[in-house]
1. If we keep just the residues of region 201-219 that are crowded, with 22+ Cβ neighbours inside 10 Å and in a strand (DSSP E or B), which is nearest to the chain's Cα centre (by Cα)?
2. Any residue at all in region 20-31 that is within 18 Å of the chain's Cα centre (by Cα) and over 27 Å from GLU241 (Cα atoms)?
3. Can you confirm whether SER223 is surrounded by fewer than 18 Cβ atoms within 10 Å (Cβ to Cβ) and hydroxyl-bearing (Ser, Thr, Tyr)?
4. Of all strands (runs of 3 or more DSSP E) completely enclosed by region 220-272, which ones contain at least 1 residues that are outside the structural domain of GLU192 (by TED's automatic domain parsing) and more than 21 Å from PRO104 (Cα to Cα)?
5. Restricting to region 150-174, name every residue that is more than 18 Å from the chain's Cα centre (by Cα) and part of a loop (DSSP other than H, G, I, E, B).
6. Can you go through VAL201, VAL191, VAL219 and tell me which one is farther than 21 Å from GLY113 by Cβ and among the aliphatic types (A, V, I, L, M)?
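The values are calculated or read from the model by the stated rules, or taken from the named source; none is laboratory data. Since the model is a prediction, treat every value here as computed from it, not as a measurement. All Cβ positions, even for glycine, are placed from backbone atoms using ideal geometry, and neighbour counts span all protein chains on display.
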Amino acid sequence: MIQFTKVQGLGNDFILIDVLGGGAPPENPSKAAALWCDRHFGVGADGLILLLPSDRADVLMRIFQPDGSEAEMCGNALRCVARYLGGAPAVETLAGVRTAFPAPGGMVRVDMGRPILARGEIPMAGPPGGVLDESLVAAGEVFRVTAVSMGNPHCLVFVPDVAAVPVATLGPLLEHHPVFPRRTNVEFVQVEDRENVKVRVWERGVGETLACGTGAAAVAVGSFLNGFTGRSVRIKLAGGELGLEYEEDGHVYMTGPAAVVFTGQIAEVGEV
């Protein structure tokens, strides 16, 4: 049996296995994520987090999605790891080292790093340059998109009313669009005013989720670059709210809640 801890940030929930703390990693993390994240036949989660040794930071965080794919970065997972570890850990991810700090009100503040805006590095096919309010045709429909990477790719679509968006239809359509060679996360964004936006998230390899930290960071950057908001914005997601600041030095800071939910044991995949 494998020891795990269930954690969540704004309802974006994860199965966390602490290898540094004595936990045993699954032999096949991709297969384990697909099984354990199932909400009927497993623990139920939006992803599997492994905490491993790092020679660059306090810990290495690897994240596996329910479809078995590995994500480069996840802001909500990062806050959850910081809450679990305590203090102000430096966390290595596939997108680089990120730092987290305790914040007032039991919140966690994370330096999400600098956004990647060059099309080829997001990555997205097309001519060199950024992707700001650009036309993208999918299934005969024209979308105005802005693309941002926060270590993982995000496609932002600004809409008048997020409640009216058929996310379950449009999300996978854009996630698997051929211009995104590594697929993409998709955020549908409704600007309320210069300081507040509403967002619905279609997460690559997961589906619609209650929240996405890197998605919120991408929305803060894209909203500012399109002239819709200032550098400080409140992101309202289905699972709650996050505070984002896109600073003059290019770093994006995210502040929000994270919690340890419970601990338990689960059978290794081969034992099921």
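1. In this case the residue turns out to be GLU203.
2. yes
3. Here the answer is no, as SER223 does not meet what is asked.
4. 259-266
5. The answer is VAL159, PRO160, ASP161, VAL165, PRO166.
6. VAL191
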